Number of protein chains: 2
Amino acid sequence: MAILQHETETKILDAAEKVFFNKGMSGARMQEIADKAKINKSLLHYYYRSKEKLFRAVFKSAFKKFAPKTIMILVENIPLFEKIEKFSSSYIDIFIKHPSIPLFVIYELNRNPKGIVNIIVDAIGTMEKNPVQGFKKSVYDEIKKGTIIEIDPRQLFVNMLSMCIFPIAGRVMIETIGFDRNKEEYNKFLKERKTEVSKFIINSIKK
Amino acid sequence: MAILQHETETKILDAAEKVFFNKGMSGARMQEIADKAKINKSLLHYYYRSKEKLFRAVFKSAFKKFAPKTIMILVENIPLFEKIEKFSSSYIDIFIKHPSIPLFVIYELNRNPKGIVNIIVDAIGTMEKNPVQGFKKSVYDEIKKGTIIEIDPRQLFVNMLSMCIFPIAGRVMIETIGFDRNKEEYNKFLKERKTEVSKFIINSIKK
DNA sequence: GTCTATAATGTGATAGAC
DNA sequence: GTCTATCACATTATAGAC
């Protein structure tokens, strides 16, 4: 039945996501994915011929969860401060909902840059027009207007990106060195960052 | 001979570092480590009984490359602005020299928090007195003096940490989305951050 | 200390029945 | 589509000669 087939496919992808997110490509085991999906290991191969192909499906799905919105905000034609507020808030919000994605993407991109870029291109069509250019343009506009200090837009962008992603990707590390291992406390801390990050940035660059 | 033994042990650890840093615990292969060290695979087991033990040695060595100095700066009794400048500059500098360490530590800590914390405790003696407290104290002192705005010291600390570590741990990702894949250009960009980060932070919090 | 050979197990993938 | 059984190979680890 078409519906059952679709259900199984979804069950597999959900299970595969959990395992790949936690263990990475090299640490993931097809058996564990099958167990989590409550199906036979052979069925994995029936639906996704190989571990590699299943991984690609998982990565692609993960990437689509945050990339389109992110890119849109970066190229949007709005004032810089608004762009920073919107980006930080949305970005942190998405990753509060999908906390395993940032480290997964960063790590796998390191492991095999070329292979992963192929998946990304497959996911969003093309990598040609760089969305970061949209952010740089906003920065130059404000510098010209004299509303912000002179700053290298690359530094500013990386600052913003770092403060949005790292507290999520490096959560276990941060909890280990500086916070009580209290899940709720850290979640509250992350929610506060949705406004804290943009305030911190704008404070620093506004004239 | 004692010297030869020491040499072999070092050769193994150097090779193991390269492989574990790049492939992680689960992706690393004992054969590859042996090949890189130009010795027989059995010798690995002669010197470090198991893959697990070799990994622990590598992690411990990696951790010692940055943790002692970092902790020292955080608890040092110096004014906040100086502490921020010193921390950012030293931290980024260390990781320019050892660029694979941050992602390695973050990833392996995620994979197996309890196991890794044991290694850390083994490396620095204890985790009891939290070095981040030293930073928080400096922040509260300045707030009381009225030299900086009122800010949650945890947010400030995580901002600083993020801007220091993420550009290194997430380098491949950042290069992929926003920079030309030019090694020298990015290295220059990182060196600039040694002063940019503290300027950015102090700009944001000073009254 | 260093090597060769091999054991023991884990793992991705396939064949074939139903 | 889903299962059982099994292959083929990779990988950690050990035994034993030198």
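The values are calculated or read from the model by the stated rules, or taken from the named source; none is laboratory data. The shown structure was predicted, so the numbers you read here are calculated from the model rather than taken from an experiment. Because the Cβ atoms are built from the backbone with ideal geometry, glycine has one as well, and the counts that use them run over all protein chains shown.
Condition first: facing chain A (nearest Cβ under 10 Å) and either closer than 15 Å to B:P167 by Cα or touching a residue at least 60 places away in the same chain (Cβ under 8 Å) (or both). Now tell me which residues in the range B:187-199 satisfy that. Residues satisfying the conditions are B:F189, B:L190, B:E192, B:R193, B:E196, B:V197. Checked across the range A:52-68, the condition of being modelled with pLDDT of 95 or more, surrounded by fewer than 13 Cβ atoms within 10 Å (Cβ to Cβ) and more than 25 Å from B:M173 (Cα to Cα) holds for no residue. Where helices (runs of 4 or more DSSP H) fall entirely within the range B:1-84, those with at least 1 residues that are over 30 Å from B:S138 (Cα atoms) are at B:2-27, B:30-37, B:41-47, B:51-64. Close Cβ contacts (under 7 Å, 6 or more residues apart or on different chains) running from residues in the range B:41-60 that are more than 14 Å from chain A (Cβ to nearest Cβ) to residues that are small (G, A, S) and away from DNA strand C (no atom under 12 Å from the Cβ) comprise B:Y48/B:A57; B:L54/B:A16; B:V58/B:A16; B:K60/B:A123. Restricted to the range A:4-29, and to residues there that are polar (S, T, N, Q) and free of Cβ contacts under 8 Å to residues at least 12 places away in the same chain, the residue that is farthest from A:I106 (Cα to Cα) is A:Q5.
Only a single item in (1) within 10 Å of chain A (Cβ to nearest Cβ); (2) closer than 26 Å to A:L109 by Cβ is not met by B:I94, and it is number (1). Is it the case that the range B:118-135 has a residue that's of a type outside the set (A, V, I, L, M) and within 20 Å of A:N203 (Cβ to Cβ)? Checking the range B:118-135: at least one residue is of a type outside the set (A, V, I, L, M) and within 20 Å of A:N203 (Cβ to Cβ).
Does the range A:132-150 contain any residue that is within 8 Å of chain B (Cβ to nearest Cβ) and acidic (D, E)? Looking through the range A:132-150, none of the residues is within 8 Å of chain B (Cβ to nearest Cβ) and acidic (D, E). Taken over the range B:45-83, residues that are more than 16 Å from DNA strand D (Cβ to nearest atom) and more than 16 Å from the chain's Cα centre (by Cα) amount to 9. Tell me whether the range B:30-51 contains one or more residues that are surrounded by 19 or more Cβ atoms within 10 Å (Cβ to Cβ) and closer than 17 Å to B:I106 by Cα. Within the range B:30-51, not a single residue is surrounded by 19 or more Cβ atoms within 10 Å (Cβ to Cβ) and closer than 17 Å to B:I106 by Cα.
Would you be able to say whether some residue in the range A:26-37 is within 12 Å of DNA strand C (Cβ to nearest atom), over 26 Å from the mean Cα position of the chain (by Cα) and either within 30 Å of A:K83 (Cα to Cα) or more than 14 Å from chain B (Cβ to nearest Cβ) (or both)? Looking through the range A:26-37, at least one residue is within 12 Å of DNA strand C (Cβ to nearest atom), over 26 Å from the mean Cα position of the chain (by Cα) and either within 30 Å of A:K83 (Cα to Cα) or more than 14 Å from chain B (Cβ to nearest Cβ) (or both). Does any residue of the range A:29-38 turn out to be modelled with pLDDT of 95 or more and in contact with a Cys (Cβ under 9 Å, 6 or more places away or on another chain)? No, the range A:29-38 contains no residue that is modelled with pLDDT of 95 or more and in contact with a Cys (Cβ under 9 Å, 6 or more places away or on another chain).
B:E85 meets the conditions (1) more than 10 Å from chain A (Cβ to nearest Cβ); (2) under 26 Å from A:V105 (Cα atoms) in every case but one. The failed one is (2).
Only residues that are more than 10 Å from chain B (Cβ to nearest Cβ) and surrounded by 11 or more Cβ atoms within 10 Å (Cβ to Cβ) were counted in the range A:175-184, giving 1. State whether one or more residues within the range A:179-188 are at pLDDT below 95, on the phi < 0 side of the Ramachandran plot and among the polar types (S, T, N, Q). Within the range A:179-188 (the criterion being at pLDDT below 95, on the phi < 0 side of the Ramachandran plot and among the polar types (S, T, N, Q)), the answer is yes, since at least one residue qualifies. The residues of the range A:38-73 that are more than 11 Å from DNA strand C (Cβ to nearest atom), within 17 Å of A:K18 (Cβ to Cβ) and among the basic types (K, R), listed by number, are A:K38, A:R56, A:K60, A:K65. May I ask you to verify whether B:N110 is within 14 Å of another protein chain (Cβ to nearest Cβ), over 22 Å from A:I165 (Cβ atoms) and modelled with pLDDT of 95 or more? No.
The requirement of being more than 17 Å from the chain's Cα centre (by Cα) and surrounded by fewer than 17 Cβ atoms within 10 Å (Cβ to Cβ) is not satisfied by B:K191.
Could you count how many residues in the range B:135-169 are among the aliphatic types (A, V, I, L, M) and within 30 Å of B:E184 (Cα to Cα)? Adding up the residues that qualify gives 7.
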